[in-house]
1. Just to be sure before I move on: is Arg162 farther than 17 Å from Thr93 by Cα, at pLDDT 95 or above and in contact with a Ser or Thr (Cβ under 9 Å, 6 or more places away or on another chain) in the structure I sent?
2. Output yes when any residue across region 195-208 is of a type in the set (A, V, I, L, M) and more than 16 Å from Gln114 (Cβ to Cβ), and no when none is.
3. For region 19-27, state whether one or more residues are touching a helix residue (DSSP H, G or I) at 6+ places or on another chain (Cβ under 9 Å) and polar (S, T, N, Q).
4. Would you please list the contacts, defined by Cβ atoms under 7 Å and residues six or more apart or on different chains, that run from a residue in region 199-223 that is free of Cβ contacts under 8 Å to residues at least 60 places away in the same chain and surrounded by fewer than 24 Cβ atoms within 10 Å (Cβ to Cβ) to a residue that is aromatic (Phe, Trp, Tyr) and assigned to a helix (DSSP H, G or I)?
5. For the condition touching a residue at least 24 places away in the same chain (Cβ under 8 Å) and out of contact with any helix residue (DSSP H, G or I) (no Cβ under 7 Å at 6 or more places or on another chain), what is the one hit in Arg58, Arg74, Arg64?
6. Could you tell me which numbered condition Ala61 fails, if it satisfies all but one of (1) part of a strand (DSSP E or B); (2) modelled with pLDDT under 95; (3) not acidic (Asp, Glu)?
7. Just wondering, is there one or more residues in region 143-154 that are closer than 15 Å to Gly49 by Cα and exposed (fewer than 15 other Cβ atoms within 10 Å of the Cβ)?
Amino acid sequence: MKFGVLVFPGSNCDHDTQHVLAEIAGQPVTFLWHDSEELAGVDAVLVPGGFAYGDYLRTGAIARFSPVMQSVKRFAEGGGLVLGICNGFQILTEAGLLPGALMRNAGLKYICRQVHLRVETADTPFSNQMKKGEVLQMPIGHMEGNYFCDAEVLRRLKAEDRIVFRYSTPEGQITAEANPNGSLENIAGILNEQRNVLGMMPHPDRSSEALLGSADGWKVFASMVESLATY
């Protein structure tokens, strides 16, 4: 299997993501330049965190028009695995690969700290190495992480089991106090209808080794490897 990590002007987590895939997962991985439509025959695409195009206009608003994203759309429509992390999640919503939008944090301040996430479903290519109800610890680092969608989209996300992560207490309780950015119903990660595209605000790439304070994020990458190995 082969992974591709997108690189935009302003990406700053592309090498973190590449490191996890190459050094921890031990898988072939290549960087995919924003100005190229070539996906280099990859089996999964990762849209990393950062500030694509400086977050001018709106987070992800310019990146959605890049040549590589047109290829990513076609790749996803064909069933290819796509993971968007932080700014990558924002880009995926702007590009229409995921519903809803990421707005300014409720407190209107940049937040960078560890949070806890409750796994809402293990029935995905990105969470099959987890258990429903399991609590993970990962860091966040964002200004626009406040997930919002309309009532009909929320109803469908719930009915179709497409909410993968929610911000929680360490004990797994979903409370307002555990919600760092004001996200609707504490949502931290969602799937598309076909369940092959995941967007999440917390950083599994920054929490895949114990020396970083938590290795819980590794389970996201391990799930992708398992999905591709058994596909």
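1. The answer is no for Arg162.
2. Let us first name the residues in region 195-208 that are of a type in the set (A, V, I, L, M), namely 197-198, 200-201.
Right, trim to more than 16 Å from Gln114 (Cβ to Cβ) and you get 197-198.
Checked region 195-208: at least one residue is of a type in the set (A, V, I, L, M) and more than 16 Å from Gln114 (Cβ to Cβ).
3. yes
4. none
5. Working: Arg74 fails: touching a residue at least 24 places away in the same chain (Cβ under 8 Å); Arg64 fails: out of contact with any helix residue (DSSP H, G or I) (no Cβ under 7 Å at 6 or more places or on another chain).
Only one candidate passes the filter, namely Arg58.
6. Among (1) part of a strand (DSSP E or B); (2) modelled with pLDDT under 95; (3) not acidic (Asp, Glu), Ala61 violates only (1).
7. Within region 143-154 (the criterion being closer than 15 Å to Gly49 by Cα and exposed (fewer than 15 other Cβ atoms within 10 Å of the Cβ)), the answer is no, since none of the residues qualifies.
The values are calculated or read from the model by the stated rules, or taken from the named source; none is laboratory data. Just so we're clear, the structure is a prediction, and the values are computed from it rather than from any experiment. With ideal geometry, Cβ positions are generated from the backbone for all residues, glycine too; neighbour counts draw on all protein chains shown.
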